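Below is one structure, written out as structure tokens, with a few remarks after it.
Here, each number is a calculation from the coordinates, and none is a lab measurement. Keep in mind the model is a prediction, meaning the values are calculated, not measured. All Cβ positions, glycine included, derive from the backbone under ideal geometry; neighbour counts span all protein chains shown.
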């Protein structure tokens, strides 16, 4: 199984563990992630305005490049995933945006949303299969109580992301079961950590992140897993408690597969 | 109002939102994680844009408090997507010369050792042009 892979800026710097363990696990599961040679930062937030064109270009470059390789495009960071999937949706459904983007880029073949964008978790669920992952586990995380922290960007808007049920997702809980741990369900698992507000209003980020962490702790989670470097940062830095570990889901997968 | 209906038309065009679909249920505001920080809440953006009160919104710190979490977009039973109005009003402000909300010079003082690039890129995309 071969895919184009878009790591994104943070996975090359502060979020190296998300990338490193993701690559190790992919290899162990027979998945080849071929990093796009010419990727640029996606901009980290989806530009919602119809008249924002320049801010959508880097996502389209990655999408077109993946199309030219003849492969589906895999992302790992929740933010990159959200931006690239939403921009791809614009290229498929908004003729005005697609026209202006293509006029600007001047690609040999105009891009009209042909690429399939998959999050790493979707590859695990839909291509590898959680049963196959369960069978590949060497060190099951038996006894661990793990809360899935979806946050916002993997799930919403549900009509565009088509990742899972945006209000009652199960993909991360199924993942947690596959690696031998017990999933902990808590209400705040798909509510915002505060995101980029941490840059200029730390107090607001503290309120959001501690609400998530307190809720998970009250339900008995010893660990939260995330696919987002900014969620990880906020929960660890602004969550106000250290009795719940916050880790990338790829790190736990690596532990379970015995490749960490 | 100094820039009148042209400003409202620009916000409607830029956001792609049809404010007339709103049935005033307030679910967007009820689910907004930035509620405590906002002077004007998501449902108020909808009806204030409809009334053409762009100046009040443009002058409010509320436009920098939206977390772009898409909760209001997801949970609106009428598909109004209030976050897109917040984004369009904010863009109408920061696209003007000298109106950046976050200056790059200010960033070093806001950093800590663990803050990911993603936070800075997002903040700059949201607050500056």
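With Cα atoms as the point set, segment A:78-191 shows a radius of gyration and Dmax of 17.6, 56 Å. Mean sequence separation of contacting Cα pairs (under 8 Å, at least six apart), scaled by the length of chain B, corresponds to a relative contact order of 28 percent.
Using the Kirkwood formula on the Cα atoms of chain B, what hydrodynamic radius do you get, in angstrom to one decimal? Hydrodynamic radius (Kirkwood, Cα only) of chain B equals 15.3 Å. In this simple spin-label model, placing a label point 7 Å from the Cα along the Cα-to-Cβ direction at both residue A:99 and residue B:105 gives a separation of 4.2 nm. Global size of the protein assembly as shown: 20.6, 68 Å for Rg and Dmax (C-alpha atoms, Rg to one decimal, Dmax whole). Taken as Cα centroids, segment A:33-55 and segment A:177-226 sit 27 Å apart, rounded to the nearest whole angstrom.
Divide the volume of the convex hull around the Cα atoms of segment A:30-97 by the residue count and you get 91 Å³ per residue. Estimated at 0.36 nm per residue, the fully extended path between residue A:40 and residue A:127 surpasses their Cα-Cα distance by 28.7 nm.
Treating only the Cα positions of segment A:133-257 as identical point scatterers, give the base-10 log of I(q)/I(0) from the Debye formula at each q in 0.14, 0.20 Å⁻¹. At q = 0.14, 0.20 Å⁻¹ the computed log10 ratios are -0.57, -1.10.
Model label points for residue B:6 and residue B:18, set 7 angstrom from Cα along the Cα-to-Cβ axis, are 2.8 nm apart.
Please report, in whole Å³, the volume per residue of the convex hull around the C-alpha atoms of segment A:2-120.
Cα-based convex hull of segment A:2-120, divided per residue, equals 88 Å³.
Subtract the Cα-Cα distance of residue A:135 and residue A:27 from 0.36 nm times their separation in residues, and report this length gain in nm to one decimal. The partial results should precede the final answer.
Numbers: separation 108, 0.36 × 108 = 38.88 nm, distance 1.55 nm.
Difference between extended and current length: 37.3 nm.
Please tell me the relative contact order of segment A:2-120 in percent, rounded to the nearest whole number, where contacts are Cα pairs under 8 Å and at least six residues apart. Rounded, it is 30 percent for segment A:2-120.
Say a paramagnetic label sat at a point 7 Å from the Cα of residue A:108, along Cα to Cβ; which residues of segment A:38-76 have their backbone N under 11 Å from it? Those under the cut-off are A:68-69.
Under the definition of Cα pairs under 8 Å and six or more residues apart, what whole-number percent is the relative contact order of chain A?
Details: 472 pairs, mean separation 52.7, N = 260.
Answer for chain A is 20 percent.
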